[in-house]
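Data first, discussion second: the structure below is written as structure tokens.
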Amino acid sequence: MARIAGVDLPKNKHAFIGLQYIYGIGQTRSVEILEKANVPVNKRVSEFTDEEVARLRQIIQNEYSVEGQLRSETSLDIKRLMDIGCYRGLRHRRGLPVRGQRTRTNSRTRKGRRKTVAGKKKAARK
């Protein structure tokens, strides 16, 4: 089993799909890494030799920030925005959409479930 950057890659997947299980590696970066390591793109993860795994691990470790390091960089970037008090930081702090989406409808992912506001009762006539 190939273990790279603290992630066990699935055995039955092709190499370029298996590398995408690592946080911070998508399709483009996956193919790029495999070309640098001279590993065929369509080779299955279970067919990797120890030498190929070592080359992949070395390239990912030296040239890319992935997994925990990338997560901490992202959280520090968001914290910096919140500390300087810019508009994006305020949106993060309030838990609202950051990139200009509408909030009158939609945005349930950021705002959470709807809170119903009870209608005001009319006073009874005498």
All positions within segment 51-103 that are under 30 Å from residue 114 (Cβ atoms), hydroxyl-bearing (Ser, Thr, Tyr) and out of contact with any helix residue (DSSP H, G or I) (no Cβ under 8 Å at 6 or more places or on another chain): 74, 75, 87
Residue 68 within 20 Å of residue 6 (Cα to Cα), in a loop (DSSP other than H, G, I, E, B) and either touching a Ser or Thr at 6+ places or on another chain (Cβ under 6 Å) or not hydrophobic (A, V, I, L, M, F, W, C) (or both): no
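Residue-by-condition table, conditions (1) exposed (fewer than 13 other Cβ atoms within 10 Å of the Cβ); (2) closer than 30 Å to residue 101 by Cα; (3) assigned by TED's automatic domain parsing to the domain that holds residue 101:
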residue	(1), (2), (3)
11	no, no, no
26	yes, yes, no
49	yes, no, no
56	no, no, no
76	yes, yes, yes
80	yes, yes, yes
90	no, yes, yes
Positions within segment 36-75 being out of contact with any Gly (no Cβ under 8 Å at 6 or more places or on another chain) and among the aliphatic types (A, V, I, L, M), in sequence order: 37, 39, 41, 53, 54, 56, 59, 60
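Looking only at residues that are touching a residue at least 40 places away in the same chain (Cβ under 8 Å) and over 14 Å from residue 34 (Cα atoms) in segment 62-74, which one is surrounded by the most Cβ atoms within 10 Å (Cβ to Cβ)?
Residues of segment 62-74 that are touching a residue at least 40 places away in the same chain (Cβ under 8 Å), as a first pass: 64-68, 70-71.
Among the residues that remain, those that are also over 14 Å from residue 34 (Cα atoms) are: 65-68, 70-71.
Values: 65: 14, 66: 20, 67: 17, 68: 12, 70: 16, 71: 13.
The qualifying residue surrounded by the most Cβ atoms within 10 Å (Cβ to Cβ) is 66.
So, residue 38, is that one over 30 Å from residue 114 (Cβ atoms) and not in a loop (DSSP other than H, G, I, E, B) or not? So that I can check it myself, show each step before the final result.
Details: over 30 Å from residue 114 (Cβ atoms): yes; not in a loop (DSSP other than H, G, I, E, B): no.
Against the criterion (over 30 Å from residue 114 (Cβ atoms) and not in a loop (DSSP other than H, G, I, E, B)), residue 38 does not qualify.
The values are calculated or read from the model by the stated rules, or taken from the named source; none is laboratory data. Everything quoted here is computed from the prediction, not taken from an experiment. Heads up, the Cβs are rebuilt from the backbone with ideal geometry, glycines too, and the neighbour counts pull from every protein chain shown.
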